[in-house]
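Here's the structure we're looking at; comments come further down.
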Amino acid sequence: NFHLFFNYHFGGYARHTPALLQFMNEFYHAYGIPTDFVYTAKLFFAIKDLASLDYFAGKSRLLLIHSGGVQGNRSLPETTLTFQ
């Protein structure tokens with residue numbers, strides 16, 4: 001079983017908002033994991049948001065795959081992300 005969520009695109013492919021960039025910085029400082037605004041930040045944002053809405057059953061175990069591609073972040077101004 002699966003469900004597709006269409007409301008975590010932040011404007012579309014490789015697009016971002018100030019809220020997503022802020023989340024990326026906060027996520028890095030909390031967990032030490034760099035994300036990119038193309039894929040992984042949107043994934044982690046969606047899961048965090050869904051968890052806060054109690055979408056997942058209690059004691060659910062989730063597996064998130066971080067693709068590792070953060071090279072797109074180089075297109076942002078140097079001071080945008082605190083982990084570049």
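The values are calculated or read from the model by the stated rules, or taken from the named source; none is laboratory data. Not measured: the values here are computed from a predicted model. We place every Cβ from the backbone using ideal geometry, glycine too, and count neighbours over all the protein chains shown. Please note that ligands, DNA and RNA were not included when accessible areas were found on the heavy atoms of the full protein model with its side chains. Shrake-Rupley method; radii C 1.70, N 1.55, O 1.52, S 1.80 Å.
Key figures
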{"quantity": "Considering residues of the range 1-10 that are surrounded by 10 or more Cβ atoms within 10 Å (Cβ to Cβ) and of a type outside the set (Ser, Thr, Tyr) only, the residue farthest from Thr35 (Cα to Cα)", "calculated": "Phe5"}
{"quantity": "Any pair with Cβ under 7 angstrom, 6 or more apart, that starts in the range 66-84 at a residue that is surrounded by fewer than 10 Cβ atoms within 10 Å (Cβ to Cβ) and ends at one that is not small (Gly, Ala, Ser)", "calculated": "Glu78/Gln84"}
{"quantity": "Pick from the range 11-36, criterion of a type in the set (S, T, N, Q) and surrounded by 13 or more Cβ atoms within 10 Å (Cβ to Cβ), ranking: nearest to Ile65 (Cα to Cα)", "calculated": "Thr35"}
{"quantity": "Cβ pairs under 6 Å, 6+ apart, first in the range 1-25 and farther than 10 Å from Lys42 by Cβ, second open to solvent by 80 Å² or more (accessible area, probe 1.4 Å)", "calculated": "Asn25/Thr82"}
{"quantity": "Hey, Tyr39 surrounded by 10 or more Cβ atoms within 10 Å (Cβ to Cβ), under 17 Å from Phe6 (Cα atoms), at pLDDT below 95 and not hydrophobic (A, V, I, L, M, F, W, C) or not", "calculated": "yes"}
{"quantity": "Residues that are among the charged types (D, E, K, R) and either in a helix (DSSP H, G or I) or touching a His at 6+ places or on another chain (Cβ under 9 Å) (or both), drawn from the range 1-43", "calculated": "Arg15, Glu26, Lys42"}
{"quantity": "Filtered residue count, the range 69-84, keeping only those that are among the small types (Gly, Ala, Ser), in a loop (DSSP other than H, G, I, E, B) and either more than 23 Å from Asn7 (Cα to Cα) or modelled with pLDDT of 90 or more (or both)", "calculated": "0"}
{"quantity": "Residue, nearest to Leu81 (Cα to Cα), within the range 44-58, restricted to residues that are assigned to a helix (DSSP H, G or I) and open to solvent by 70 Å² or more (accessible area, probe 1.4 Å)", "calculated": "Lys48"}
